[in-house]
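**Student:** Take this structure first; my questions come after.
The values are calculated or read from the model by the stated rules, or taken from the named source; none is laboratory data. Computed from a prediction, not measured in an experiment: that's the story for all the values here. For neighbour counting, all protein chains shown are included, and Cβ atoms are generated from backbone atoms with ideal geometry for every residue, glycine included.
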Amino acid sequence: MTEDHPIATEIVFEDDTVRVWNQHVPAGGSIPRHRHEHDYFLLNISGTGPIAVQFHEDTGGAMGDSIEFSPVPGKADFIRKGHVETATNLGEAYRAILVELKQT
């Protein structure tokens with residue numbers, strides 16, 4: 001089995017219900033293979049991508065094997081748990097706050 005990496009850059013807060021991450025992906029940077037075990041909100045701060053996402057272990061569901069995500073700064077996205085993925089930033093530096101809902 002391939003080792004999974006953290007889902008974002010650093011944890012900035014955690015308690016029994018949430019885990020809050022700072023996410024910074026430089027232009028051309030990648031987020032190594034990681035597993036989303038909780039539903040989460042992605043609060044987009046800066047950078048519009050696109051972010052190329054490659055799903056592993058058939059976890060993309062209706063999205064297929066890959067997607068390109070174009071974040072909108074100032075907007076939030078809700079993503080359901082279950083994806084195993086690798087992501088590559090094809091655009092300018094990307095910053096976000098990721099909030100995992102640990103009880104999901």
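**Student:** Could you list, in sequence order, all residues of region 46-67 that are over 17 Å from Lys81 (Cα atoms) and either at pLDDT below 95 or over 12 Å from the mean Cα position of the chain (by Cα) (or both)?
**Tutor:** Once the filter is applied, which keeps residues that are over 17 Å from Lys81 (Cα atoms) and either at pLDDT below 95 or over 12 Å from the mean Cα position of the chain (by Cα) (or both), region 46-67 yields Ser46, Gly47, Thr48, Gly49, Pro50.
**Student:** Can you say whether Ile97 is out of contact with any His (no Cβ under 9 Å at 6 or more places or on another chain) and of a type in the set (Val, Ile, Thr), as far as the supplied structure shows?
**Tutor:** Yes.
**Student:** Scan region 14-40 for residues that are under 11 Å from the mean Cα position of the chain (by Cα) and of a type in the set (A, V, I, L, M, F, W, C) and jot them down.
**Tutor:** Selection gives Trp21, Val25, Ile31.
**Student:** While we're on this one: Would you be able to tell me the number of residues in region 47-104 that are small (Gly, Ala, Ser) and in a loop (DSSP other than H, G, I, E, B)?
**Tutor:** 9
**Student:** Next question. So the check is Cβ under 6 Å with 6+ separation or different chains; which pairs have a first residue in region 55-72 that's on the phi > 0 side of the Ramachandran plot and a second one that's surrounded by 12 or more Cβ atoms within 10 Å (Cβ to Cβ)?
**Tutor:** From residues that are on the phi > 0 side of the Ramachandran plot, the pairs are Glu57/Val84.
**Student:** Working only within region 65-85, note down all residues that are polar (S, T, N, Q) and either crowded, with 17+ Cβ neighbours inside 10 Å or closer than 14 Å to Gly49 by Cα (or both).
**Tutor:** Ser70
**Student:** I'm told Leu43 meets every condition in (1) under 13 Å from the mean Cα position of the chain (by Cα); (2) modelled with pLDDT under 95 except one. Can you identify the failing condition by its number?
**Tutor:** Unmet condition: (2).
**Student:** Moving to a separate point now. Please go through region 30-51 and give me each residue that is small (Gly, Ala, Ser) and surrounded by fewer than 16 Cβ atoms within 10 Å (Cβ to Cβ), ordered by number.
**Tutor:** Ser30, Ser46
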